[in-house]
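Asker: Just dropping this structure here.
The values are calculated or read from the model by the stated rules, or taken from the named source; none is laboratory data. Predicted model only: the values in this text are computed from it and were never measured. When we count neighbours, we look across all protein chains shown, and the Cβ atoms used for this are built from the backbone with ideal geometry, even at glycine.
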Amino acid sequence: MPAAAPAGDQLGQPASAKATGSRRQLFILIGIAAVVAAIAVVAAIRFLPLGGSQQQETPPAEAKPPSVVTTIKTGGTEPDGVAFSLDGKQAYVTDKQVDSIVVIDVAANTVTKSLQLRDPVGVAMAPDGKRLYVTNYGLGTVSVVDTTSDQVTATIPVGRSPIRVAVAPDGRAYVTNFDGGSMSVIDASNSVTATVKLPGHPTHPAVSPDGKQVYVTSPDANVVSVVDTASNGVAASLAIPKAFTIAFSESGAKAYVANNGDGTVSVIDVATGKISSTIAVGSGLERVTVTRDGLRAFVTNGSANTVAVIDTTTDTVIATLNVEQTPTEAVATPDSRRVYVTNAGAGSVTVIDTGVGG
């Protein structure tokens, strides 16, 4: 009877050769696993935003057609300026014809109270939400209202016929003096720190989102002045006929100018200072506002009693909404869901669902 083969040599291989082959297979499997793991890691990193640990942004909800929600009677005769509390729960509406500011509950769409203030026109909320700046047109002053107590805590002399006010992210307020040919700069201590000379009758100031520039319209001078907030000097002048009001896009890349003379909206490329497009809207344009998310612009047409809606991604008019008599101001809520339009000829505010926001 032949002798048994040594252990490990049942297939005709020596034991050492089989061990070597097993190790080689093991190394191959380990290598394949490492490659697969590396590919998985690279794929995961590929879809992370910069910073790695942050989550991807949620895509915006699909936009809907804009529509009129309701109209609120203010109890006055000529509502004009609008500003919102930081949480968007209250709207402040000026009416210089009855010397008051009405406060509207945004959720209920009702007037909750009225604050007595002489000749109020322009209004803007401070970044901390604690102060409301109000221009007193016939008095040449700006009132500072404490939003907790609803009391005037300061009255600041500015130039002749202060008409509008805009507030920068650092808290400085910029007031256009219509008959004074200037813009007053107010700091957080309620002091006028500079007066910027401007052409014609400066009407509407708009602060860039980064707070570095203020664009000011002068319709009778056919110009938009670009004021540098660091030096309080005019850095550039953009020739735009009958430029009446202005609003920045959310990113600050574009500025929309409502031209009262020819019924168009000029779109300024802020980087180049050039007009990138001109949008035909209709005669009698008054104010323009851009929703906080930057997706839509709303332009009031005082002579046609309408509001034009512009898609800012294509810079085209996508809707025209009927409102009440002589719409003037248009301002978007902080969440971009609503736009409040004051109807100066009807003593009312029209509330528009923007179709965007969240």
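Asker: Please indicate, with yes or no, whether at least one residue in region 263-277 is among the basic types (Lys, Arg), touching a residue at least 60 places away in the same chain (Cβ under 8 Å) and assigned to a strand (DSSP E or B). Before you say what the answer is, go through the steps one by one.
Answerer: Initial filter on region 263-277 (among the basic types (Lys, Arg)): 274.
If we keep only those that are touching a residue at least 60 places away in the same chain (Cβ under 8 Å) too, we end up with none.
Checked against the condition, which is being among the basic types (Lys, Arg), touching a residue at least 60 places away in the same chain (Cβ under 8 Å) and assigned to a strand (DSSP E or B), region 263-277 yields no hits at all.
Asker: Inspect all residues belonging to region 131-143 and state whether any of them is charged (D, E, K, R) and surrounded by fewer than 15 Cβ atoms within 10 Å (Cβ to Cβ).
Answerer: Just the residues of region 131-143 that are charged (D, E, K, R), to begin with: 131.
Filter once more, so that each one left must be surrounded by fewer than 15 Cβ atoms within 10 Å (Cβ to Cβ): none.
No.
Asker: Another question, then. Out of Ala235, Ala247, Ala230, Ala255, I need the residue that is over 20 Å from the mean Cα position of the chain (by Cα), of a type in the set (Gly, Ala, Ser) and either surrounded by 18 or more Cβ atoms within 10 Å (Cβ to Cβ) or in a strand (DSSP E or B) (or both). Which one?
Answerer: On the way: Ala247 fails: over 20 Å from the mean Cα position of the chain (by Cα); Ala230 fails: either surrounded by 18 or more Cβ atoms within 10 Å (Cβ to Cβ) or in a strand (DSSP E or B) (or both); Ala255 fails: over 20 Å from the mean Cα position of the chain (by Cα).
None of the other options fit; the residue is Ala235.
One line per residue, one yes/no per condition, for (1) closer than 30 Å to Val223 by Cβ; (2) touching a helix residue (DSSP H, G or I) at 6+ places or on another chain (Cβ under 7 Å); (3) surrounded by 20 or more Cβ atoms within 10 Å (Cβ to Cβ):
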| residue | (1), (2), (3) |
| --- | --- |
| Ser283 | yes, no, no |
| Arg292 | yes, no, no |
| Asp315 | yes, no, no |
| Ile318 | yes, no, no |
| Glu329 | yes, no, yes |
| Asp335 | no, no, no |
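Asker: Let me ask you something else. Of (1) in a loop (DSSP other than H, G, I, E, B); (2) at pLDDT 95 or above; (3) touching a Leu at 6+ places or on another chain (Cβ under 7 Å), Ala63 satisfies all except one. Which?
Answerer: (2)
Asker: Specify which of the listed residues (Gly294, Gly355) is in contact (Cβ under 8 Å) with a residue 60 or more places away in the chain and assigned to a loop (DSSP other than H, G, I, E, B). Walk me through it before giving the result.
Answerer: On the way: Gly294 fails: in contact (Cβ under 8 Å) with a residue 60 or more places away in the chain.
Just one listed residue meets the conditions, Gly355.
Asker: Among the residues of region 96-114, write down those that are among the β-branched types (Val, Ile, Thr) and either at pLDDT below 95 or assigned to a strand (DSSP E or B) (or both).
Answerer: Ile101, Val102, Val103, Ile104, Thr110, Val111, Thr112
Asker: So, of the residues in region 81-95 that are touching a Gly at 6+ places or on another chain (Cβ under 8 Å) and assigned to a loop (DSSP other than H, G, I, E, B), which turns out to be surrounded by the most Cβ atoms within 10 Å (Cβ to Cβ)?
Answerer: It comes out as Gly81.
Asker: If you don't mind, there's one more thing I want to ask. Looking at region 106-114, can you tell me whether even one residue there is within 30 Å of Gly252 (Cα to Cα), buried (at least 19 other Cβ atoms within 10 Å of the Cβ) and either of a type outside the set (Phe, Trp, Tyr) or in contact (Cβ under 8 Å) with a residue 24 or more places away in the chain (or both)?
Answerer: Here is the first cut: in region 106-114, the residues within 30 Å of Gly252 (Cα to Cα) are 106-107.
Now narrow it down to the ones that are buried (at least 19 other Cβ atoms within 10 Å of the Cβ): 106.
Next cut, either of a type outside the set (Phe, Trp, Tyr) or in contact (Cβ under 8 Å) with a residue 24 or more places away in the chain (or both) only: 106.
So far as region 106-114 goes, yes, one or more of its residues are within 30 Å of Gly252 (Cα to Cα), buried (at least 19 other Cβ atoms within 10 Å of the Cβ) and either of a type outside the set (Phe, Trp, Tyr) or in contact (Cβ under 8 Å) with a residue 24 or more places away in the chain (or both).
Asker: Here's something else I'd like to know. Go through region 115-136 and count every residue that is in contact (Cβ under 8 Å) with a residue 24 or more places away in the chain and either of a type in the set (S, T, N, Q) or part of a strand (DSSP E or B) (or both). Can you show your working first?
Answerer: If we filter region 115-136 for residues that are in contact (Cβ under 8 Å) with a residue 24 or more places away in the chain, which is where we start, we get 115, 117, 120-129, 132-136.
The next check asks that each one be either of a type in the set (S, T, N, Q) or part of a strand (DSSP E or B) (or both); those that pass are 115, 120-125, 132-136.
Final tally of qualifying residues: 12.
Asker: Considering region 121-140 alone, what residues qualify as being within 29 Å of Asp210 (Cβ to Cβ) and not hydrophobic (A, V, I, L, M, F, W, C)?
Answerer: To start, the set of residues in region 121-140 that are within 29 Å of Asp210 (Cβ to Cβ) comprises 121-135.
Those that are within 29 Å of Asp210 (Cβ to Cβ) and not hydrophobic (A, V, I, L, M, F, W, C): Gly122, Pro127, Asp128, Gly129, Lys130, Arg131, Tyr133, Thr135.
Asker: Which is hydroxyl-bearing (Ser, Thr, Tyr), modelled with pLDDT of 95 or more and within 23 Å of Asp87 (Cα to Cα), of Ser191, Ser208, Ser184? Break it down into steps so the answer makes sense when it comes.
Answerer: Working: Ser191 fails: within 23 Å of Asp87 (Cα to Cα); Ser184 fails: within 23 Å of Asp87 (Cα to Cα).
Of the residues listed, the single one that is hydroxyl-bearing (Ser, Thr, Tyr), modelled with pLDDT of 95 or more and within 23 Å of Asp87 (Cα to Cα) is Ser208.
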